[in-house]
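One structure is given here, and the rest of the page talks about it.
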Amino acid sequence: MKIDLKKQIPSYTAPRGRFEIVTVPPLQFLMIDGHGDPNTSGAYADALATLFPIAYALKFFSKRELDRDYTVMPLEALWWADDMDSFTTARDKSQWSWTLMNLVPDWITVDHLDVARQVAAKKGDAPVLDMLRMKMLDEGQVVQTLHIGSYDDEAPVLNELHSEFIPAHSLRMTGRHHEIYLSDPRRTASDKLKTILRQPVSPAGEPSQ
């Protein structure tokens, strides 16, 4: 039986039109870091071209060798900048830094990843293989919502999240802004794209770790 992790992890659903506070469990991801406008950055394109060949190599390895099949998860990304206004009022994509991510099941190990790396290296279809890593991400308490529309229309939603909802609930932003791309932009009209927007938070009076 093929496992769909989106259906097993409750935080992979979010309400549209309102913010929700939830707790996300520690999860394991493939990750590649980079910087720059995702629409024009060669580094972003290379990261995408590396992430998914590895993700599929792991899926097929798991199905063949471990007898555990699963659906490859959607693209995710962490985003940050020295000035967070570049995501909202300024909207300057050239200032963005990012970590592209793909969730993999907890039974996938570093040894399995090494096998997938060898497969991708032989095919020559993973241009920044040396930059890829597998790491646990423990976000804990987050605020999230489902955004439907183009990525450029996210700015007002993020501004409301940062400037209104989080302070009003006596919270502060902690980890990096997180997006989960539930739609494939190559096959979906921009006004119908579904994206979970997530921001890790902690109580406003809680000391920094």
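The values are calculated or read from the model by the stated rules, or taken from the named source; none is laboratory data. Bear in mind that the values here come from a model prediction, so they are computed numbers and not experimental data. With ideal geometry, Cβ positions are generated from the backbone for all residues, glycine too; neighbour counts draw on all protein chains shown. Ligands, DNA and RNA are excluded from the accessible area calculation, which covers all protein heavy atoms including side chains. Shrake-Rupley method; radii C 1.70, N 1.55, O 1.52, S 1.80 Å.
For segment 140-180: of the residues being out of contact with any helix residue (DSSP H, G or I) (no Cβ under 6 Å at 6 or more places or on another chain), of a type in the set (A, V, I, L, M) and under 14 Å from residue 20 (Cα atoms), which is most open to solvent (accessible area, probe 1.4 Å)? The residue in question is 168.
Is segment 188-203 home to any residue that is surrounded by 15 or more Cβ atoms within 10 Å (Cβ to Cβ) and farther than 21 Å from residue 74 by Cβ? Even if it seems obvious, please write down each step before you answer.
Of segment 188-203, the ones surrounded by 15 or more Cβ atoms within 10 Å (Cβ to Cβ) are 193-202.
Right, trim to farther than 21 Å from residue 74 by Cβ and you get 201-202.
Checking segment 188-203: at least one residue is surrounded by 15 or more Cβ atoms within 10 Å (Cβ to Cβ) and farther than 21 Å from residue 74 by Cβ.
Regarding residue 130, is this residue surrounded by 12 or more Cβ atoms within 10 Å (Cβ to Cβ), free of Cβ contacts under 8 Å to residues at least 12 places away in the same chain and assigned to a helix (DSSP H, G or I)? Against the criterion (surrounded by 12 or more Cβ atoms within 10 Å (Cβ to Cβ), free of Cβ contacts under 8 Å to residues at least 12 places away in the same chain and assigned to a helix (DSSP H, G or I)), residue 130 does not qualify.
Those strands (runs of 3 or more DSSP E) of segment 1-120 in which 1 or more residues are in contact (Cβ under 8 Å) with a residue 60 or more places away in the chain and open to solvent by 40 Å² or more (accessible area, probe 1.4 Å) occupy 20-24, 27-35, 76-80. Only one of the listed residues (158, 129) is aliphatic (A, V, I, L, M) and in contact with a strand residue (DSSP E or B) (Cβ under 8 Å, 6 or more places away or on another chain). That residue is 158.
Apart from one condition, residue 183 fits all of (1) open to solvent by 40 Å² or more (accessible area, probe 1.4 Å); (2) in contact with a Lys or Arg (Cβ under 6 Å, 6 or more places away or on another chain); the exception is (1).
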